[in-house]
Each structure stands twice: as C-alpha cells, then as structure tokens.
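Notes for the one structure printed next.
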Amino acid sequence: MTPTETTAAAETAAVLLSKDENWWRQAVVYQIYPRSFADANGDGIGDLRGILSRVGHLRELGVDAVWLSPFYPSELADGGYDVADYRNVDPRIGTLEEFDELVAALHGAGIRVVVDIVPNHSSDRHEWFQAALAAAPGSPERARYVFRAGRGEHGELPPSDWRSIFGGSAWERVPDGQWYLHLFAPEQPDFDWSNREVRDDFLKTLRFWSDRGVDGFRVDVAHSLTKDLAEPLPSAAELAARPKDGSHPLWDRDDVHEIYAEWRRVFDEYDPPRTGVAEAWVAPERRPRYASREGLGQAFEFDLLMANFSAASFRRVVTDTLALVRRSGSSSTWVLSNHDEVRHATRYGLPPLKNDVAGLNGGDEKQGRAWILAGAPADGVDLAAGSRRARAATLFMLALPGAAYLYQGEELGLHEVGDLPDEARQDPTFFRSPGVDKGRDGCRVPLPWSAEGPSFGFGPGGAHLPQPAWFAEYAVDAEEGEADSSLHLYRRALRLRRELQGAEELSWLETGRDDVLAFERPGGWIAVTVFGTEPYALPASFAGRVVVASAPGVEADAAGGGAAPVVLPGESSAWIVRG
Ligand code: GLC
Ligand code: CA
C-alpha cells in the first residue's frame, strides 16, 4: 500500500471502531505493563515509543483492545499504582503527544485502548498530598485524604490497629503528629471519597482521557473508595468480623455505587459510550452491581484464575459466573494471568490448592502465593505440566462467552521468574513483609522479543528487572519459527475465535468422563478439555473438524468421529467445528 492508502485504511478502521458500542462484550483485551513491554530509548524502562514499535505484534496476535497499566508520573513505590499526576505521562515513559500518537496507531490497527484508573489512593508525591502535608490539621487540604489524631497520651499510637494490604500498619505519622490512612503502601495515601472535590477531580480525569480517544477504563481496587470512618474506629479483629454485605467500614460498601453512577453519566457523554471494568475482589454475588449498565458495566471474574486445573472447578465457576452476568446484563471477563498473579503456565505446575476457588468456598488462598512465600523453589513446580495445562486452559477460556483478558507474555507461554535476586526486587510486598513474601516482580520481567541481542530485544540497553537466560527460548522471534509454539497457538485461536464468535451462550455436552469437559457455542463450535492425564477419544457425537488443539501432534483439520476418531492427549484442549 502507498502511504496515502495506508492512512486511508487506518482512518477507515478508526471509523469502524467508533460504530460498535458493544465491542467490549466479547473482546480480547491484552494487558500491557508499560515499563516491561518494550523500551525504545534503551534506558531499561519500557515506554510509549516501544509500544508504538510493537503495534504490529498486537495486530498479528489479533487482540481487540489493549489495557495499559499505569503510565502516569510515579515514584514507583507500587509499580506505578502510586499515581502522582492522573492527567499526564511519566517523562520516563513518554509524553502526552506520544500517547496521542499511540492511540491513533492502535485505533488505526483496529485496536481499542483502555487505561487504568487508580481512585482509592494517590502517590504521596501527588500535589494534593504535598499540599496536605504543608497545611495544618483540620485544613481543606488535609480533608482530601484521611488524617486523624493518634491514640495514647501523646497521640503516639496509630488511630487503629489496622494492617495495610502490603504488610505493616495502615497508618503513617506525619511530623505534626497526625496520622494518615493508607490501605496499601505508605506512599499511597487513601483519598477521602466523601469529599466532593475528590469526586469532581476524578470526573475531570475520566473526561481528560476520554477526550483523547481512550475507549475504556480499568478501575483499580474498585471495591474500596468510600469508607465509614466514624469514631470510635473498630479494631482489626472487629473489622474482620463485620459482614461483607455492603455495610463493611472499608470494603465493598453499597455507597461506592453512587460514584460509579456518576462515572457512568460521564461515560455516556461520549459516542460510543466509554466502558469500565472493575477490579473488585468481592464475593461473586456482590459482583453484578459493579458490572451493571448503571455502574461500570463489567467486573473482573477472578474465580477461574483462583481455581485448580480441574473439570469440576472449571465447570462450577463457568456455570455460576454465567448466571451472575445474566443478572447484571453484562458479559463476563475471563482472566488467567495479570500483573499481580503468578503466571498461569507456572501456577498450573504447582500442587493443587486444598481450598479451591476462593470466591466460592470462602477461602482467600491464592494459587502460587504459597510457592512464592516459600521462595519459589525450582523443585516445587513441574514446569512441563504447567505449560501443557496452561495451553489447555487458555483454549478453554478463549471459547467461553464473554471477554477474555490476556497478560503480556502469556502468548509466549512465559513462566514466572521465581528466582529474582533480592536486590533486584521492586514490589512493596517484598519490602513490607519484610522479605518473606517475594512479591509480584516475577511476572513483570521485561518481555523477550528476540533470542539474541541486548535484553532479548526488549530494548537497545538493559532491562529494569533481570531476565533469565531461558527467556531466549520464549522470545517472539524464536517462537515465530516454531509451528507448535505458544505464539502460533494464540494467533490461531484468536483468529478462529473472531470467525466463530456468536451469541453469548454455551451448552454443556455429555463427555462420558468426569475429567473431560465439552461445551458448544452457537454455530456448532465445540470446545473439549481433558483435565486428567488419560487420552480421550472424541465421540462420534462431536463429529466435525478439529480446527485448533493445544497439544502438538493432534492434527488440525483431521476428521473427527467416523472410522478413525481423533484422540486428545491428557491435559489438552481442542476446538471442533461441526459439519
Ligand atoms: C491493584 C493492582 C495492584 C496494586 C494495588 C494497589 O490490586 O492491580 O497492582 O498494587 O491495586 O493499587
Ligand atoms: Ca525507555
């Protein structure tokens, strides 16, 4: 194509994008952790120019949208989730002009853009928090955050014994003796959401990015924000005993939905309306309100991510989730990996959890956490089994009705980097535990693009987290040349998914085995997953064409049923198209 034709094609793609207001319902959204995706200027930190240079990878992969984790100015006390300025780009990552260029390039490639909004807390470097520190107790500057007098004779004890999510006290003292609340790191002071000024400032931020062409928002810790901090504050033990029914002082309060109703009105000022997806770690039955059309519109479904690789768990999660999304009128979002969790290729190589599916069974144990806590011992994980099961689980997930969220690097089948040296670690959970929980850096190691060259092609310089030698095998250019690679599997599955996608429905098929699941989507699209290790001969009732399989050696395009049935190896998935 000539340059003029290319521009014209990009403009057509952008116009087509603007027409479909339901794009998010069954979209494939690819999460980019900007500091670790691609580095254009060689300073070891991924940047917007780096992402721009890799738009081709995203287009070829076949994703519908990218979600950018925070790229805002930040002191990086929590990997960018400590935002110092909500309406700017970190100079180490780029500029607003480059952001606009990136949005145009992605839209031109037919890819939408979702950005991360972090509303529970800002960075302590945010100008409002700096102003709060400079101002006196009781001032309007302090009223944007949660400041309190301490307990004890001289206020030397924190206002309550609450613990922060990252370890240590949830209160930090300032020089004049007051304390401020931080549910996460001390560098992440919580906003006071009863303050109108805070609410208005976030509306301004939503409009700022929407005006720049952003299509949607991923909302960080969406179940926090509003709090009941009436004195006397309950103790940590009392807090833990409070029901999670919308009246809890800190989490998932009913009144948080007033905020999202206001956000929805802003979303609807745009054509097509902007979208939202809530990161809300709440019980499944509390999820529909976040996902409703009056609220953010969608909420992450994390139960599949929490479930063991087993037919019973997967089936239960899918059935329960689809019932819940029918209640909210939304669609589900399926996730197997993200920037907070042990990569699923590694997770499925770990011993199964006893307390499976936290959300459903009431536990809160996370797969992979125990391994990370134990220092990620190499002999505690079966990597080959993990890879095999991850490929099978991915094909299962990609066939489900609803949206699918992919995390950068999972298309390469990347494993968690479990053995980062302590001096390289960046995650606040590591520093505040202290050192006990190794934290989340192992899934945030910069991506390998080429088997050779500096930082495996991440950039012309080094990488801000050290990459292990085995990254070479998983590099994009290495997998490019291998027909059975994870990269080709993802590309093929995403292309087929686009072709086969229909109404948001599924019906389970009888498989004759407890460890084998099969479901059919409208139009004769069947997905079969063998969870156990025994091979499974496809029954004649599934007759059709195997269009993709997670295990190498299962002939794609082989005829199923009839005289020579297709046999799926243990721990594998295949998609069959009837007829
Ligand atoms: C969310 C983010 C996580 C971050 C935390 C605090 O859970 O996904 O990375 O540390 O919020 O902002
Ligand atoms: Ca850089």
Study note, to complete from the structure: Quick tally, 1.4 Å probe accessible area for Arg498, Arg253, sorted with the most first, runs Arg498, Arg253
Check your understanding: Which value, in Å² rounded to 10, gives the accessible area of Asp176 with a 1.4 Å probe and all protein chains present?
Key -> 80
Check your understanding: What percent do you get for the relative contact order of segment 266-343 when only Cα pairs under 8 Å and 6+ apart count?
Key -> 30
Check your understanding: When ligands, DNA and RNA are left out and all protein chains stay put, how many square angstrom of accessible area per residue does segment 359-484 have with a 1.4 Å probe?
Key -> 37
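Run the dipole for the chain about the Cα centre, Lys and Arg Cβ at +1, Asp and Glu Cβ at -1, nothing else charged, and hand back the magnitude in debye, nearest 20. Walk me through the intermediate numbers first.
Working: 59 positive and 88 negative charges, 262 e Å.
I would put it at about 1260 debye.
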Study note, to complete from the structure: Honestly segment 116-161 on the Cα gyration tensor test (a ≥ b ≥ c root eigenvalues; a/c under 1.5 rounded, otherwise a/b vs b/c for prolate or oblate) is just oblate
Study note, to complete from the structure: Loop-resident GluC sites (Glu not before Pro) in segment 487-541 with no more than 14 other Cβ atoms inside 10 Å, DSSP not H/G/I/E/B, are Glu505, Glu510
Practice item. Specify which residue in the list His126, Trp525, Phe166 is farthest towards the positive end of the charge dipole of the chain, using unit charges on the beta carbon of Lys, Arg (+1) and Asp, Glu (-1), about the Cα centre. Key: Trp525
Practice item. Take the Cα of Lys19, step 7 Å along the line toward its Cβ, and report every residue of segment 93-116 whose backbone nitrogen sits under 19 Å from that point. Key: 107-113
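Cβ neighbours within 10 Å, averaged per peptide: list 458-465, 28-35 in order, most packed at the top. If you can, show how the numbers build up before the last one.
Working: 458-465: 20.2, 28-35: 24.4.
Ranked by mean Cβ neighbours within 10 Å, highest first: 28-35, 458-465.
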Review point. How much solvent-accessible surface does Trp470 expose, in Å² to the nearest 10, with a 1.4 Å probe and all protein chains in place?
Key: 80
**Study point:** Where segment 40-147 is the region considered: accessible area per residue in Å², 1.4 Å probe
**Key:** 32
Exercise for review: First check a/c for the chain, with a ≥ b ≥ c the square roots of the eigenvalues of its C-alpha gyration tensor; if it is under 1.5, answer rounded, and if not, answer prolate when a/b is larger than b/c or oblate otherwise.
Suggested key: prolate
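Need one word for segment 239-387: rounded, prolate or oblate. Basis is the Cα gyration tensor (sqrt eigenvalues a ≥ b ≥ c); a/c below 1.5 gives rounded, then a/b vs b/c decides. Before the final figure, lay out each step's value.
Values: a/c = 2.14, a/b = 1.78, b/c = 1.20.
Cα axes put segment 239-387 in the prolate bin.
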Practice item. With the full set of protein chains in place, find how many percent of the accessible area of the chain is carbon and sulfur; take the probe as 1.4 Å. Key: 53
Review point. So what is the relative contact order for the chain, in percent, with contacts set as C-alpha pairs under 8 Å and at least six apart?
Key: 12
Review point. To the nearest 20 debye, what charge dipole does segment 228-373 have about its Cα centre, counting +1 at the Cβ of each Lys and Arg and -1 at the Cβ of each Asp and Glu?
Key: 700
Check your understanding: Is it possible to state the helix-based mean residue ellipticity at 222 nm for the chain, with each DSSP H run of 4+ residues giving -39500 (n - 2.57), the sum divided by total residues, to the nearest 500 deg cm²/dmol? What is it?
Key -> -8000 deg cm²/dmol
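The values are calculated or read from the model by the stated rules, or taken from the named source; none is laboratory data. On a predicted model such as this, the values are computed, not experimentally measured, just so you know. Methodologically, a virtual Cβ is constructed for each residue, glycine included, from the backbone with ideal geometry; neighbour enumeration extends over all protein chains shown. Areas reflect the complete protein model, heavy atoms only, side chains present, ligands, DNA and RNA absent. Shrake-Rupley method; radii C 1.70, N 1.55, O 1.52, S 1.80 Å.
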